[in-house]
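Read the structure below first, then the notes.
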Protein chains: 2
Amino acid sequence: MKILVGISLTLAAALAIEALALDEVMLKQANLQPIPKEAKKVLELIDNPNNPLTKEKVELGKKLYFDPRLSKSGLISCNTCHNLSLGGDDNVPVATGHKWRQNPHHLNSPTVYNAVFNSRQFWDGRSPSLEDQATGPIQAPPEMDMRAEDAVKVVTSIPEYKEAFEKVFKGEKITIETIGKAIGAFERTLITPSRYDDYLNGDEDALTSKEKEGLKTFISVGCASCHNGVGLGGGMAPFPAVKPYKYAYIGDFKGDKNGMVKVPTLRNILQTAPYFHNGATYDIKETIFIMGKTQLGKELTDEEIEAIATFFKALDGRKPKIELPMLPTETAETPKPKLN
Amino acid sequence: MKILVGISLTLAAALAIEALALDEVMLKQANLQPIPKEAKKVLELIDNPNNPLTKEKVELGKKLYFDPRLSKSGLISCNTCHNLSLGGDDNVPVATGHKWRQNPHHLNSPTVYNAVFNSRQFWDGRSPSLEDQATGPIQAPPEMDMRAEDAVKVVTSIPEYKEAFEKVFKGEKITIETIGKAIGAFERTLITPSRYDDYLNGDEDALTSKEKEGLKTFISVGCASCHNGVGLGGGMAPFPAVKPYKYAYIGDFKGDKNGMVKVPTLRNILQTAPYFHNGATYDIKETIFIMGKTQLGKELTDEEIEAIATFFKALDGRKPKIELPMLPTETAETPKPKLN
């Protein structure tokens, strides 16, 4: 009996090692990387040497992220379209802002969660960093529609903000760029480790067997050729506007100058419908099918689609606890909101 | 020396008591009441016997309060116009909602902080409770513009919400009314004790001497004839639409059937500009002057206005700590947002 148990344990261990080894090779080939377990490694991954994270900067950035007074109307904040209570986005097909204007290229708001892992920001990748990106929507007429000088006036007219900027940015002048740096710093902290990361970090039981199967399918059919790295996306990829499918031209968006488009992160993907740069569908299975067809040239079977969608459940992340910031009160010098 | 000290202490004590006694008589005559110190008394004051507060109900209500999926567009939540990061309101003169529509009566969003102390809700007092009030803006076309049945569908289509409702409301059906009950329960907890309350609760040093002077002026010129009770307002009062002043008719608002209008709370008043039901001015001193003129028939002096505005600083309250709720994910059955 003792010998038998010994043998079967050895067998089980051998099989487990074999299974794990297989996954490791696959994962390595697929260039899939977890959010690390160790806080220090995480910090290395999310920090920006040109805008180092400090507690005060992140706290200031959080306030600005939630402050609708950075918009012309006083009604729209970063959190309106990149809602941290939802999947870090807004659930609507097309970004909608000041005066209910819609993004002229019919673009869908991407999630801010894990956006730090993107190599570039915006759908056409025109921005190199979160710090730079954050200054865009504040000023864009269909979004917050605020003149940079008015955004700066809001901040400089509120003593608590002014003091915080002086403390955080020392001698640096308050500009739309320093506002972007504060907001970008906060956004760098918005990462959501998931069971998928636990698995990649060595916890074999973090995924169900069906999710593991799904991950294998995800890799073997080729999804990871674009959706890879820590972000499971975030790079630039070719952009085939294939007509019979919903992942086609709506509006006049053509990607970057080479026709490339940013690959969305798949982290929290089940919370960030609708899908595609044009928000054309809320159906994750339809989305997987169309991606297989247009990007990989494959008609994925129902079983493959089901397996991949099942794996996506493991990408629902653990969101950071966020205490709602209480914003400092405006003064007589603060620009008044304009609804028109 | 010992005797001298004894005498001067007695004198000081006697003077302090006299000063306190004077204030007490004034405060009593003015019908000014603090938010109590004791948690039990606070609970008695804010609870609704028809919708008793429980931890689970408040937590559910908080989620719904922040959930934009209760609006037709999926972009507007209770917190959009009653922003808890600001003074519990939106800083704009006229409530602005779905499709950028504005309140047809040109009404300003009142603060939700301390609204539990109002005897009635809405500017015309047509709603008897926060629970009832909360169902209004969800359905109002210029606000969240959601059909009641769609709001119910959102809740019933999301398993975590459905379970929470079953737990909180036992056998009760999920309706727009139970949604209102959950939101109302959360709103009841949104109270902000201030230095003014500390003073009324016996801490003589909680107000500066200038603020104490301001409080006396506030009472002696007659402000407290309408701005009284725990809410420093919240009842109904006559509504003189006096033409030369900004506190005059804009839009077609006429108050209730007797021409009465809800008296706004003065708690956090320096955070809730613009003022008046029509949001006609951002200037607190102008507001005090117009109120004196139109409601009390007095031309307040600059000194009186300054004193009252100084007292208002003591009404900036300590806001509750609110952890941003992370909302449960929608399902295929959840109604899709409609931007038009």
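What follows draws every value from the coordinates through simple rules; no lab data is involved. Please read all numbers here as calculations on a predicted model, not as lab measurements. Cβ atoms come from the backbone with ideal geometry, glycine included; neighbour counts cover every protein chain shown.
Using only the Cα atoms of segment A:254-323, build the gyration tensor, take square roots of its eigenvalues as a ≥ b ≥ c, and label the shape rounded, prolate or oblate: rounded if a/c is under 1.5, else prolate if a/b is larger than b/c, else oblate. Present the calculation step by step, with values, prior to reporting the outcome.
Numbers: a/c = 2.25, a/b = 1.17, b/c = 1.92.
It is oblate, given that a/c is not under 1.5 and a/b is not larger than b/c.
Could you work out how far the C-alpha centroid of segment B:163-228 sits from that of segment A:153-179, in angstrom?
About 33 Å separates the Cα centre of segment B:163-228 from the one of segment A:153-179.
List, shortest first and in nm to one decimal, how far the label point of residue A:29 (7 Å from Cα along Cα→Cβ) is from its counterparts in the other copies.
For residue A:29, the other copies' label points sit at 9.0 nm, shortest first.
To two decimal places, what compactness ratio does chain B give when its Cα radius of gyration is scaled by 2.2 N^0.38 Å?
Scaled against compact globular proteins, the figure is 1.11.
Extending each Cα 7 Å along its Cβ direction at residue B:254 and residue A:41, get the distance between those two points in nm, one decimal.
With each label placed 7 Å out from Cα toward Cβ, I get 7.2 nm.
If I take R0 = 35 Å and measure r between the Cβ atoms of residue B:177 and residue A:270 in this structure, what FRET efficiency does the formula 1/(1 + (r/R0)^6) give, to the nearest 0.05?
According to the calculation, E is roughly 0.65.
Residue B:140's amide H: which non-local residues (gap 5+, or another chain) put their own amide H closer than 5 Å, with H modeled 1.01 Å from N in plane and none for Pro or chain starts?
Close amide H contacts, sequence-distant or interchain: B:145, B:146.
What nm value, rounded to one decimal, do you get for the distance between residue B:148 and residue A:160 when each label is placed 7 Å out toward the C-beta?
Spacing of the two 7 Å Cα→Cβ label points: 3.9 nm.
State the answer as a single residue: which of A:29, A:42, A:66 lies farthest towards the positive end of the charge dipole of segment A:18-110, with beta carbon charges of +1 for Lys and Arg and -1 for Asp and Glu, about the Cα centre.
Working it through, the farthest residue towards the positive pole turns out to be A:66.
Could you order peptides B:193-206, B:304-317 by the average number of other Cβ atoms within 10 Å of their residues, highest first?
Per-residue Cβ counts within 10 Å, averaged per peptide and sorted highest first, yield B:304-317, B:193-206.
At each listed q (0.05, 0.10, 0.11 Å⁻¹), what is the log10 of I(q)/I(0) that the Debye formula gives for the protein assembly as shown modelled as equal alpha-carbon point scatterers?
Values, matching the q order: -0.29, -0.99, -1.15.
Under 17 Å from the Cα of residue A:262, which aspartates and glutamates turn up, not counting those fewer than eight places away in the same chain?
Partners found: A:89, A:124, A:132, A:252.
Are there trypsin sites (Lys or Arg not before Pro) in segment B:160-190 that DSSP puts in a loop and that have at most 14 other Cβ atoms within 10 Å, and which ones?
Within segment B:160-190, the qualifying trypsin sites (Lys or Arg not before Pro) (loop, at most 14 other Cβ atoms within 10 Å) are B:170, B:173.
Which of B:207, B:32, B:327 moves most in a GNM of chain B, Cα contacts under 10 Å?
Maximum among the listed residues: B:327.
Taking the DSSP beta bridges in the protein assembly as shown as the whole, what percent of them are antiparallel, to the nearest 5?
90
How much FRET efficiency would the formula 1/(1 + (r/R0)^6) give for residue B:220 and residue B:59, where r is the Cβ-Cβ distance and R0 is 45 Å, rounded to 0.05?
In this case the efficiency is close to 0.50.
What residue among B:30, B:39, B:182 has the largest mean-square fluctuation in a Gaussian network model of chain B, using Cα springs under 10 Å?
Greatest mean-square fluctuation among the candidates belongs to B:39.
I'd like the distance separating the alpha-carbon centroids of segment A:69-126 and segment B:126-143, in whole Å.
Between the Cα centre of segment A:69-126 and that of segment B:126-143, the gap is 28 Å.
Using only the Cα atoms of segment A:43-188, what semi-axes does the equivalent ellipsoid have when each is the square root of 5 times a gyration tensor eigenvalue? Give whole Å, largest first.
Values: eigenvalues 105, 71, 31 Å².
Values for segment A:43-188, descending: 23, 19, 13 Å.
I'd like the Karplus ³J(HN,Hα) series for segment B:34-51: coefficients 6.51, -1.76, 1.60, θ = phi - 60°, whole numbers in Hz, and an x wherever there's a Gly or Pro.
x, 5, x, 6, 7, 3, 5, 5, 4, 4, 4, 6, 9, 6, 10, x, 7, 7
Search the structure for amide H atoms under 5 Å from the amide H of residue A:32, placed 1.01 Å from N in the peptide plane, and list their residues when 5 or more places away or on another chain.
The list, which skips near neighbours in sequence, is A:229.
Give the lysines reachable from residue A:257 as a straight Cα distance under 25 Å; neighbours fewer than 8 places away on the same chain don't count.
Filter leaves A:243, A:246, A:293.
Show me, for segment A:138-148, the HN-Hα J-couplings you get by feeding each phi into the Karplus relation (A = 6.51, B = -1.76, C = 1.60, θ = phi - 60°), rounded to Hz, glycine and proline as x.
Rounded to whole hertz, the list is 4, 9, 5, x, x, 10, 8, 6, 9, 5, 3.
Which net charge results when you count Lys and Arg as +1 and Asp and Glu as -1 among the other residues whose beta-carbon is under 10 Å from that of residue B:262?
Surrounding charge for residue B:262 is 0.
Ordered shortest first, which distances in nm separate the 7 Å Cα→C-beta label point of residue A:210 from those of the other copies?
6.7
Put a point 7 Å out from Cα along the line to Cβ at residue B:50; what are the distances to that point in the other copies, in nm, shortest first?
List, nearest first: 6.0 nm.
Given an 8 Å cut-off on Cα distances and at least 6 residues of separation, report the relative contact order of chain B as a percent.
Numbers: 582 pairs, mean separation 81.2, N = 340.
After rounding, I find 24 percent.
For segment B:329-340, take each phi angle, set θ = phi - 60°, evaluate the Karplus expression 6.51 cos²θ - 1.76 cosθ + 1.60, and give the result in whole Hz per residue in order, putting x for glycine and proline.
Ordered by residue, 3J(HN,Hα) equals 6, 5, 10, 4, 7, 5, x, 6, x, 10, 7, 10 Hz.
Relative to the present Cα-Cα distance, how much length would full extension add between residue A:26 and residue A:321 at 0.36 nm per residue of separation?
Full extension of this stretch gives 102.8 nm more.
Which number gives the lysine pairs in segment B:45-188 that have C-alpha atoms under 16 Å apart and are eight or more places apart or on different chains?
Pairs that pass both the separation and distance tests number 26.
Calculate, for residue A:205 and residue B:333, the FRET efficiency according to 1/(1 + (r/R0)^6) with r their C-beta to C-beta distance and R0 35 Å; round to the nearest 0.05.
Values: r = 31 Å, r/R0 = 0.90.
FRET efficiency, residue A:205 to residue B:333: 0.65.
Defining a contact as two alpha carbons under 8 Å apart and six or more residues distant in sequence, what relative contact order in percent does segment A:43-188 show?
It comes to 31 percent, rounded to a whole number.
Amide H to amide H, which residues 5 or more places from residue B:194 or on other chains are under 5 Å from it, using H placed in the peptide plane?
Counting only residues 5 or more places away or on other chains, the set is B:318.
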